[in-house]
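A short worksheet on the structure shown next.
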Amino acid sequence: MNYAALVEPLLQFLHCRTPQAWIDEASRPENLPLLLTDHLTCELKAAQTAAWLIRKYVADKPGAETLMRWLAPYEDFVYREHPDSDFIHAHRHLGKNITRHDAFPGADDLIDKMVLLIKEELHHFYQVLEIMQSRGIEYHKITASRYAKGLLREVTTHEPDTLIDKLICGAYIEARSCERFYALAPYLEPGLASFYRSLLRSEARHFQDYLALAWQISPYDITDRIRTIGETEARLITDADSELRFHSGPLILV
C-alpha cells in the first residue's frame, strides 16, 4: 500500500508535523506501556466524542440509551478498571439502529459516519488491548494530556457554530492521530509498526468525514475557523509538555 499517498491529504491539512523530539521519546522501548495505555484510552475517547455528537444533535432518548449501552463495557474497563468487561459481546450489538428526535441537513450523514467511526474506534480499542495483553502490559489509569481540552477551548458557545467547531476539532484530532501512527511506525518493532500502519486507512477517512460534515452542516464559509483551530492544534503539538502522551508535545528537558 502507498501509505505516503494515503496520508498526504491530512499532512496538507495539518499545520505542522510531529516534532522529531516527540518521536524519539515515544519510540523508546521503556515508554511502550505508557504509549499503548494512552492509545487505548484515546480510542475510547474518539468513540465517546462521536457518540456524544449523535446524542446531542440527533438521537432521541431511546437512541441515546442505545449509544450509552454500546460504550458501557469499555468505560467500565477504562474508568473503573473492571476486568470482566465483555467487549466481544458488546461489539456484536453495534449497529445503525439509532432512533432520532430531529432532522437537519446532514443529520443522516452524521449518524452514518459517526456510527461507523464508533464501531471502528472500539475495534481498535480491543486490538490495542490485545497487544498490551500479549506483552504482559497491565492497564492502569493515567492522566489525560492537555491536547483535547486545549483544542476544545476554541469551540464557540452558540449554535450552529458549536457543532461546526466540534466537527472541525474532530477532524484535527483524527488527522493528528493518523499522522502520529505514520510518523511512529518506522521506529517501532515490525509487529507494532504493521499494526499502526493498518490503522492509517480508517483514521485518514475519519478526518475527512469530520471535515465533510462541518462543511455540509455549516450555512457559511468555514475556511477561517478551520485555519484558527488548526493554528491552535499546531501550538499544542509543538509546545513542550511535562508528560509523554499520544497527543502531547515534546517533553520538557530537565
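The values are calculated or read from the model by the stated rules, or taken from the named source; none is laboratory data. Since we're looking at a predicted model, the values are computed, not measured. FYI the Cβ positions are ideal-geometry reconstructions off the backbone, even for glycines, and counts take in every protein chain you see. Side chains are part of the model used for accessible areas, which takes the heavy atoms of the whole protein and leaves out ligands, DNA and RNA. Shrake-Rupley method; radii C 1.70, N 1.55, O 1.52, S 1.80 Å.
The residues on offer are Leu94, Leu110, Leu122, and the sole one that is of a type in the set (A, V, I, L, M) and either modelled with pLDDT under 90 or open to solvent by 80 Å² or more (accessible area, probe 1.4 Å) (or both) is Leu94. Among residues of the range 187-198 that are acidic (Asp, Glu), none has a beta-carbon under 6 Å from a residue that is open to solvent by less than 70 Å² (accessible area, probe 1.4 Å) at least six positions away or on a different chain.
Residues in the range 211-254 that are within 19 Å of Arg153 (Cβ to Cβ), open to solvent by less than 20 Å² (accessible area, probe 1.4 Å) and without any contact (Cβ under 8 Å) to a residue 60 or more places away in the chain: Ala214, Ile222. Of everything listed in (1) over 15 Å from Pro160 (Cα atoms); (2) touching a helix residue (DSSP H, G or I) at 6+ places or on another chain (Cβ under 8 Å), the single unmet condition for Leu213 is (1).
Beta carbons closer than 9 Å, at least 6 apart along the sequence or on distinct chains, pair a first residue in the range 104-115 that is in contact (Cβ under 8 Å) with a residue 12 or more places away in the chain with a second that is of a type in the set (S, T, N, Q) and open to solvent by 60 Å² or more (accessible area, probe 1.4 Å) for Pro105/Gln216; Gly106/Gln216; Asp109/Gln216; Leu110/Gln216; Met114/Thr49.
Taking the range 135-161 as the range and being touching a helix residue (DSSP H, G or I) at 6+ places or on another chain (Cβ under 9 Å) and either open to solvent by less than 10 Å² (accessible area, probe 1.4 Å) or assigned to a helix (DSSP H, G or I) (or both) as the test, the residues that pass are Tyr147, Ala148, Gly150, Leu151, Leu152, Asp161.
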